[in-house]
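Notes follow the structure.
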Amino acid sequence: MVLGPSSHRPFIFFFEAEGEGKSQRKGIEQPDSAVENSAMIPRRMEKQKMPNNPLLKQIFALAIVCICLGPGLLSAEVGFQDEVLSRIQAKGDAAEFQLGENTLHAARFITELYQSSGHKPVWGDRSIATLRREIQALEGDGLNPEDYWFLSLDTLIKGQQRGSLSVSSAVDLDMLLSEAFLRAYYNLLVGKVDPERLDDDFNMSVSLHRDDLVPGIIAQVRNGRIAEAFNNARPARKGHFWLKEALARYQEYEAAGGWPEVEGGKVLKPGDNDVRVAQVRARLAVTGDIKSPTGDLMFFDSALEGAVKAFQERHGLDIDGAVGAKTIAAMNVPVKERIDQLRVNLERQRWYVHENHGEFVVADIAGFNVYLVRDDVIIWNARVQVGKAYRQTPVFKDTIRYLEFNPTWTIPPGILRRSVLPKLKKDSDYLEKEGYLLLTQEGKRVDPKTVDWASIKTMPYIVRQPPGPDNALGLVKFMFPNKHMVYLHDTNHREQFSASNRTFSSGCVRVERPFELAEKLLAGQEDWDRQKIDNVVASGKTMRVNLEKPMRVVIAYSTAVARNGRVYFRPDVYNRDAKVLKALDAPFRKRRRDQ
């Protein structure tokens with residue numbers, strides 16, 4: 001893994017530091033005390049004529065080094081080297097270093113790092129100060145500085161500044177700094193939480209190549225580019241930057257005491273006079289949804305109605321301008337919960353860092369939207385319907401390889417078992433009433449009335465719905481064959497797109513304007529345009545069209561996103577945030593694929 005700018009960054013959901021610590025020796029930054037001691041060279045010695053004999057020149061240079069560093073510093077460096085070498089040898093083949101109560105998980109990296117440095121100190125005063133600042137600033141990324149030993153490092157750093165550290169403690173400090181840097185970089189790049197521990201079906205994790213990691217970290221430390229390295233690790237998408245800005249704002253709200261609570265009661269509507277209207281104004285003023293209250297605070301005017309609608313839009317509510325129970329509940333969510341929601345979704349964006357680049361389709365489950373993105377710009381979007389709470393749409397990545405117009409629908413085995421078979425046991429005419437065909441595994445028609453449904457425990461037949469406007473898949477589907485049997489498609493339940501909470505499907509993603517998406521995916525392919533698409537659909541015949549350029553698709557789950565400086569919160573329809581937050585707040589744990 002190269003510690004430089006990444007070409008792979010996440011969707012929608014920096015600044016560089018100047019070089020510090022310019023003094024190096026053999027490629028490793030030296031403690032700044034050694035540099036400062038060099039100023040102690042007597043001026044008269046500087047003016048002495050150097051001998052011409054090469055051997056005498058080497059002896060003379062060595063004498064100057066000895067005078068500059070003194071026997072104490074030389075012996076301290078040798079003691080440091082001996083201590084590091086002793087620890088590496090004692091570790092043997094173990095995967096971790098144990099420094100008292102602190103576990104260093106990157107034992108291989110630590111070993112290679114100090115072998116590369118000649119077992120000398122890697123960190124000098126300036127790079128230590130920079131790393132300390134950057135670790136403290138990780139709170140702005142939703143991460144906990146204590147995951148990187150902030151307080152422990154502070155204690156050791158103060159001891160170093162007083163000159164009271166033993167050789168063993170000096171090695172502890174240097175090793176902790178090295179692992180803290182690596183861990184923070186890694187967590188900013190792909191996240192602290194291992195999504196595969198939360199979801200066995202998650203398939204977007206990456207293994208970081210470590211062959212060139214040591215030269216990279218040495219270069220970053222040597223050149224004082226700690227802040228730059230961290231900024232390069234962070235997702236560079238605008239949405240991630242805006243989400244970080246939102247976290248900073250909400251942390252400020254919390255520091256200022258949060259926001260006032262709105263009392264429950266009857267629905268507040270435009271034109272009402274009520275003391276609770278003033279509470280709504282005060283609440284919305286804190287988050288900037290309305291300017292600071294002026295005039296008649298208890299009157300529900302048109303300006304307040306517009307502010308309420310903006311708040312409802314930002315929180316995934318029905319946009320009606322009235323303040324009912326759901327709107328009040330959203331207003332009264334404590335600021336700490338909103339901060340945690342932002343932290344969770346900053347973490348999710350780090351999970352997707354290597355997937356969302358170039359051109360791709362992303363369906364956001366919690367946001368009930370689908371987007372076509374090209375170079376970090378949304379070029380098309382539409383509403384979607386997703387799986388019910390008990391048939392949740394999974395989070396995964398795949399590739400759309402073909403489209404099918406006028407599709408048939410073969411009912412998945414799970415739905416056959418849970419829904420269709422019980423209905424057939426009660427009514428053998430069920431399939432005929434619904435317009436479904438009963439087929440053998442070889443595709444031959446079977447009359448449902450000839451089957452003894454009462455005796456069947458496992459469905460031996462295929463149930464298929466012919467193409468047409470009443471087909472559950474609608475008139476087009478976007479295929480990326482996967483084990484979940486989940487894909488994007490049209491629907492015969494278009495009226496449900498008007499709902500704010502659109503958890504209606506059996507797991508697939510129903511697209512509101514599917515022919516627009518089909519047109520964009522087929523753009524530039526033969527003579528496929530909207531007119532040809534309409535003609536094919538009108539024919540009623542099933543037609544498969546392979547994509548000449550298969551399109552990556554990401555099924556994501558985001559309960560908070562940001563666009564153009566505005567943050568949008570969504571209901572956690574599948575109750576997934578709590579698990580992510582728990583793991584985010586737990587002690588650091590190595591990822592399964594990196595063990």
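State yes or no: is SER86 under 30 Å from ASP154 (Cβ atoms), hydroxyl-bearing (Ser, Thr, Tyr), part of a helix (DSSP H, G or I) and modelled with pLDDT of 85 or more? Yes. If I filter the range 416-434 for residues that are within 40 Å of the chain's Cα centre (by Cα), of a type outside the set (Asp, Glu) and under 30 Å from ASN546 (Cβ atoms), do I get at least one hit? Yes: the range 416-434 contains one or more residues that are within 40 Å of the chain's Cα centre (by Cα), of a type outside the set (Asp, Glu) and under 30 Å from ASN546 (Cβ atoms). Going through (1) at pLDDT 95 or above; (2) of a type outside the set (D, E, K, R); (3) touching a Pro at 6+ places or on another chain (Cβ under 9 Å) one by one, ALA255 falls short only on (3).
Any residue at all in the range 330-352 that is over 30 Å from ALA586 (Cβ atoms), small (Gly, Ala, Ser) and surrounded by fewer than 22 Cβ atoms within 10 Å (Cβ to Cβ)?
No; the residues of the range 330-352 include none that is over 30 Å from ALA586 (Cβ atoms), small (Gly, Ala, Ser) and surrounded by fewer than 22 Cβ atoms within 10 Å (Cβ to Cβ).
SER428 falls short on exactly one of the conditions (1) surrounded by fewer than 19 Cβ atoms within 10 Å (Cβ to Cβ); (2) assigned to a strand (DSSP E or B); (3) in contact with a Lys or Arg (Cβ under 7 Å, 6 or more places away or on another chain), and that condition is (2). LEU176 falls short on exactly one of the conditions (1) at pLDDT 90 or above; (2) closer than 22 Å to ARG576 by Cα, and that condition is (2). Can you find a residue that is touching a helix residue (DSSP H, G or I) at 6+ places or on another chain (Cβ under 9 Å), over 30 Å from GLY316 (Cα atoms) and modelled with pLDDT under 95 anywhere in the range 575-587? Within the range 575-587 (the criterion being touching a helix residue (DSSP H, G or I) at 6+ places or on another chain (Cβ under 9 Å), over 30 Å from GLY316 (Cα atoms) and modelled with pLDDT under 95), the answer is yes, since at least one residue qualifies. Beta carbons closer than 6 Å, at least 6 apart along the sequence or on distinct chains, pair a first residue in the range 330-348 that is of a type in the set (A, V, I, L, M) with a second that is not in a helix (DSSP H, G or I) for ALA330/HIS315; MET331/VAL262; VAL335/GLY258; LEU342/ALA560; LEU346/GLY142. Taking the listed residues PHE478, PHE515, PHE497, the one that is assigned by TED's automatic domain parsing to the domain that holds GLU548, assigned to a helix (DSSP H, G or I) and under 30 Å from ASP572 (Cβ atoms) is PHE497, with no other qualifying.
All but one of (1) under 18 Å from the mean Cα position of the chain (by Cα); (2) of a type outside the set (Val, Ile, Thr); (3) outside any loop (DSSP other than H, G, I, E, B) hold for TYR402; state the number of the condition that does not hold. Single failed check for TYR402: (1).
Of the listed requirements (1) on the phi > 0 side of the Ramachandran plot; (2) part of a helix (DSSP H, G or I), ILE533 misses just one: (1). Here HIS119 meets the list (1) of a type outside the set (Ser, Thr, Tyr); (2) surrounded by fewer than 22 Cβ atoms within 10 Å (Cβ to Cβ); (3) touching a Ser or Thr at 6+ places or on another chain (Cβ under 7 Å); (4) assigned to a loop (DSSP other than H, G, I, E, B) almost entirely, failing just condition (3).
The values are calculated or read from the model by the stated rules, or taken from the named source; none is laboratory data. The model shown is predicted, which means the values in this text are computed figures rather than measured ones. Heads up, the Cβs are rebuilt from the backbone with ideal geometry, glycines too, and the neighbour counts pull from every protein chain shown.
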